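Notes to accompany the following structure.
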Amino acid sequence: MAEDHIFLTAKGDQLVYDKGEMVLSGSVEVGNTMIDGIGVGDIGNIVLRDRKVLSEDGIFVAVVTIDHKKKQIIGEPKITSRGFVYVKANKDLMHESAEIIKNVVQANLDNKEYDWTHLKQDVREKLNHYLFDQTRRHPVILPVIMEVDPRRHKPRAIRVKRKRQLITSQLRISLPKRGHLKKPLTTKIIKQRPYSRHGARSLF
């Protein structure tokens with residue numbers, strides 16, 4: 001076969017057949033199409049990069065609970081690792097990581113310009129540097145910041161007071177009218193016990 005009848009084309013090259021001749025005519029922009037399960041073309045470079053990092057260095061999850069109003073951390077950070085290191089065999093690494101998390105979170109809480117996005121990014125960067133210095137690996141770091149609901153932490157005295165008001169209203173509703181009484185109405189006095197050690201009175 002003659003050399004002028006052979007075309008070595010690259011991705012996107014266009015071959016045009018015109019008047020009995022085949023000629024190379026320009027090119028179009030093309031790329032790879034990823035097929036993942038039932039999805040076609042919905043897997044991008046970022047997803048592939050994350051999957052590669054997860055398969056090589058694993059994931060490091062840090063969960064912290066804070067009280068934004070009081071500007072303090074509630075409890076110790078909870079750390080979970082998958083595919084990175086064995087937690088029970090690396091207690092010192094986990095303990096030091098927890099201390100770094102607490103210091104970073106507390107520093108952000110003390111800052112007047114507190115921002116959730118900046119807090120997570122700051123935790124991610126500090127942990128990334130420390131874990132790489134100790135293990136020479138870059139796991140996917142996922143910081144989870146949870147904030148307590150102040151409405152769920154009401155004093156016991158307030159809850160007991162509301163319970164007392166509810167019982168009083170129920171007693172009023174359940175009393176029959178005076179004209180329907182067959183026997184004289186007697187009033188039962190509910191004795192209140194003294195204050196308990198929690199600072200609230202007990203109704204019963």
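All of the numbers you see were taken from the coordinates with simple rules; none came from a lab. Predicted model only: the values in this text are computed from it and were never measured. In this analysis, Cβ positions are derived from the backbone assuming ideal geometry, glycine residues included, and neighbour counts consider all displayed protein chains.
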Estimated inter-spin distance, Ile38 and Gln72, nm [label 7 Å along Cα→Cβ]
5.1
Which of the trypsin sites (Lys or Arg not before Pro) found in the stretch 1-64 are loop residues per DSSP with 12 or fewer other Cβ atoms within 10 Å of their Cβ?
Lys11, Lys19
Report the calculated FRET efficiency for Asp4 and Asn45 (r = Cβ-Cβ distance, R0 = 41 Å), to the nearest 0.05.
0.55
Between the modelled labels at Asn128 and Met22 (7 Å from Cα along Cα→Cβ) the distance in nm is 5.0
When Tyr130, Tyr17 are arranged by how many other beta-carbons sit within 10 Å of their Cβ, fewest first, they go Tyr17, Tyr130
Student exercise, the stretch 44-150 dipole from Lys, Arg, Asp, Glu Cβ charges, in Debye to nearest 20
300
Taking Thr135, Thr117 and counting other C-beta atoms within 10 Å, the order from fewest to most
Thr117, Thr135
Please give the contour-minus-distance gain from Glu56 to Tyr114: 0.36 nm per residue of separation, less the Cα-Cα distance, rounded to one decimal in nm.
17.5 nm
Just subtract the alpha-carbon distance of Arg82 and Arg136 from 0.36 nm times their residue separation and send over the number in nm, one decimal.
17.8 nm
If amide hydrogens are placed 1.01 Å from N in the peptide plane, which non-local residues have theirs closer than 5 Å to the one on Ile66?
Ile74, Met146, Glu147, Val148
